[in-house]
Amino acid sequence: MAASAPTPAVTGFPTEGRCSYYVEKKKRFCRMVAAAGKRFCGEHAGVAEEENDRKRILCPLDTKHTVYEDQLAKHLKKCNSREKPKPDFFIQDINAGLKDETEIPEQLVPISSLSEEQLESLIKKLRKASEGLNSTLKDQIMSHPALHDALSDPKNGDSATKHLKQQASILGNIEKLKLLGPRRCFVEFGAGKGKLSHWVDIALKDAEKVHFILVEKVTTRFKVDGKHRKKDSMFERLQIDIQHLCLSKIPLLSKEKLPVVGIGKHLCGMATDLALRCLVETYAASCEERNEEPLAKRIKNDKTEKEINTLAKERNEKNVPEKWTPVAGIVIALCCHHRCDWRHYVGKEYFRVLGLGAVEFHYFQRMSSWATCGMRRTSLEGSNITQRRKDHQNDDSEEHDDGGYKITDASTESLSGFLTVEEKKKIGHLCKLLIDQGRIEYLQQKGFNPALQYYTDPLVSLENVLLTALPNQSSSPETTT
C-alpha cells in the first residue's frame, strides 16, 4: 500500500493537477505539477511508492533535490548544479576588490559578547563618523504608466502589490533620470525572475536597439524573460556570480558598444558593491583605451569605408559625440547591509579617512539589521514580530534567499537595559547611512554624480532606499526632470 504524505495541520486541499505532498516547513502543499494520473510530482513520487519501489536519493551535486538511484549517472550529466565550462566573461574575482588579510582579525566576537563599554565606544565612533550626514533622504516615490493596469488588477495579493509598487517607482526614477530610451543595454544585477527588466521593456514599447542582460548566480524558476523571446528586444540571461563577471567580454557589449544602464531591485549586501565595481571600475576602465581612439580607427577592422562614412554621417545628424559613455547610469534599490563584506566593500577609503577599519565595519554592518528587524518588548509582541518577519520573508522571496531580514547576531535582547527600541532603530539606520555614504564617495571618485533617496513607503518595504548615479557630464539626479 502506498505511503501517504504528511497530514497538514490546517485544512486545505492541493490545487488540481498539482502535487499532493504537504511541505511541513512551508505549511502548504507542493506546487509542482503532477503527471497525468499521478498524485505526486517527480520530486515526491517516492512518497507514494508508485514506481515499482524505485529508490530516490539526494543528488550529490545539490542536496536540495532528489533523483532515482538507477538514473543517477544520467542525471549527473544534465543536473543544473553540475560543473560547467567557464564562459569568456568569467574572470575569477575580477570585481572582488583587493584582499588585505592584515586588516581582518581571524575571529571577531559577536555583539552579544561585547561589554557595555565596548558597545558604547562603537556607537560613539558611529555617531562621530555620521556627523554632517543628512539622515533624512529626499522622497522620490514615483510610478509609471506601464504598470497602471497591473497595479489595478483586483486579483493582486498584498505581496504582488508591494512588488509592483516598488517596480513602478524604480521605473519612474529611471525615466526621471532620462535613462529610459533606445540604443542602450540594461544590465539587471540579481535579476531573479527578471521582472524589473520585464517592466522596463514594456515601458520602452517599440524602442529600437534595446538589449537586456540579466545577471543571476542561481538557477531561477518562473522566469519572465522567456515571454520576450519573439519580440525585437533581446534578453540574455547569465548565470554567474557578479564577483567574476567581466562585462567587456560579453559579445553583445563588445560588438554593439551600447551605453550600459545598471539596474537592480533589492541587491543584497555585498552584491551592490560587486555590481558598482563591475560597472564603474572594471567595465569602464576596459573601455577607456578604446574610447579615446578616433571613431574611424575603432571600427576600421570591422567596417568598410562606405559603412564608416555612413555611420559618421548618422552620428553628426543626431549630434552624437564620438566619445561614448560606457555606463550611462545606475539605479539600484539597496538592502541587507548586514550581508556586506569588508573585502568587497567599495567605500574602504572613506572609512579609513574617518579613522575606521575592518573591525568597525564588521560591527556596523551587523548593527544595521536593527533598522529593519525591530526588537521584542514583550513575549507576545515578540511572537507577532517574528510572524511578521516570516511573512515579509515570503513577500521578498524573489530577492532574498533568506528574506533579507534575518538578525545575523542574536544578541539584541541582551542589550534591552542599555538601549531602547527606538535608539536601536536609529543606530541601525545610521549604520546603513554610513555604509551607503562610502558608496557615494566611491562613485564620486569614479566620475559619477550619485544620490540616495527613498523610492517607496516603509509600509511597502523597510528596505526603501534607492541609489542612483549619472556620469558627471550628465544632468544631476537631483535636478533632472
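Bear in mind these aren't lab numbers, they're just calculated from the coordinates by the rules spelled out. Please read all numbers here as calculations on a predicted model, not as lab measurements. Cβ placement follows ideal geometry from the backbone for every residue including glycine, while neighbour counts extend to all protein chains displayed.
Once amide H atoms are placed 1.01 Å from N in the peptide plane, what residues at a sequence separation of 5 or more from Asn449, or on another chain, have their amide H within under 5 Å of its amide H?
Placed amide hydrogens put Leu470, Asn472 under 5 Å from Asn449.
What order, most packed first, do the peptides 13-21, 458-466 have when packing is the mean number of other Cβ atoms within 10 Å of each residue? Walk me through the numbers on the way to the answer.
Numbers: 13-21: 15.6, 458-466: 18.8.
Ranking the peptides 13-21, 458-466 by packing returns 458-466, 13-21.
³J(HN,Hα) across region 238-250 via Karplus (A = 6.51, B = -1.76, C = 1.60, θ = phi - 60°), whole Hz, x for Gly/Pro?
Coupling constants for region 238-250: 10, 8, 7, 6, 4, 4, 10, 8, 10, 4, 5, 8, 6 Hz.
Quick one: which residues, 5+ away or cross-chain, put their amide H under 5 Å from the amide H of Leu419? H built at 1.01 Å from N.
none
If the convex hull of the alpha-carbon atoms of region 181-293 is projected onto planes in all directions, what is the mean projected area in square nanometres? Please report the intermediate quantities before stating the final value.
Numbers: hull surface 28.1 nm².
So the Cα hull casts an average projection of 7.0 nm².
Could you sort 354-362, 256-264 so that the peptide with the highest average Cβ count within 10 Å comes first and the rest follow in order? Don't skip to the answer; put the middle values down first.
Values: 354-362: 16.9, 256-264: 21.4.
For the peptides 354-362, 256-264, the packing ranking is 256-264, 354-362.
Exactly which GluC sites (Glu not before Pro) in region 102-168 are in a DSSP loop and have at most 16 other Cβ atoms within 10 Å? Walk me through the intermediate numbers first.
Working: sites: Glu103, Glu106, Glu116, Glu117, Glu120, Glu131; in loops: Glu106, Glu131.
When the GluC sites (Glu not before Pro) of region 102-168 are filtered for loop state and at most 16 Cβ neighbours within 10 Å, Glu106, Glu131 remain.
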